[in-house]
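Data first, discussion second: the structure below is written as structure tokens.
The values are calculated or read from the model by the stated rules, or taken from the named source; none is laboratory data. What you see is a predicted model, and the numbers here were worked out from it, not measured in a lab. Heads up, the Cβs are rebuilt from the backbone with ideal geometry, glycines too, and the neighbour counts pull from every protein chain shown.
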Amino acid sequence: MEDKIELLKALSDKNRLLILDMLSCGELCGCDIMEGLSLTQPTISHHMKILQQCKLVMGRKEGKWTFYSINRERVDAIQQFIHHITSFKENCICERVTKTCSQWDDHSREG
């Protein structure tokens, strides 16, 4: 679960979401991302490091350039995780809740 939390934290930044949006069209050089977002090289490097640490993005070196692409397997895994936690399922954590408030509403309607 901790890795999912880190991944969702990585997605909580506007620039990182824009980077992922740019990469959805295919592999890009860091310089292209820099130009497309009008950000400095250190800022792009900072965001790419975070995206790579949570394995959302992969980088490959070619000479002095780094080319980035989306890790589709990781994206699929997080989509499945979000679907899992937002869908009804057997033995759901919600079964631990006694639903006291809804019981209170039922009693207030009777009186």
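Tabulated values for the structure
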{"quantity": "ASP3 vs. criteria under 13 Å from the mean Cα position of the chain (by Cα) and modelled with pLDDT under 90", "calculated": "yes"}
{"quantity": "Residue count, the stretch 1-28 (criterion: basic (Lys, Arg) and either closer than 24 Å to GLU62 by Cα or in a loop (DSSP other than H, G, I, E, B) (or both))", "calculated": "1"}
{"quantity": "Matching entry among GLY26, GLY36 (being over 14 Å from the mean Cα position of the chain (by Cα) and surrounded by 10 or more Cβ atoms within 10 Å (Cβ to Cβ))", "calculated": "GLY36"}
{"quantity": "When residues of the stretch 66-111 are limited to those that are in contact with a helix residue (DSSP H, G or I) (Cβ under 7 Å, 6 or more places away or on another chain) and not hydroxyl-bearing (Ser, Thr, Tyr), the one modelled with the highest pLDDT", "calculated": "ILE70"}
{"quantity": "Residues of the stretch 29-57 classified as hydrophobic (A, V, I, L, M, F, W, C), outside any helix (DSSP H, G or I) and under 21 Å from ILE78 (Cβ atoms), total", "calculated": "3"}
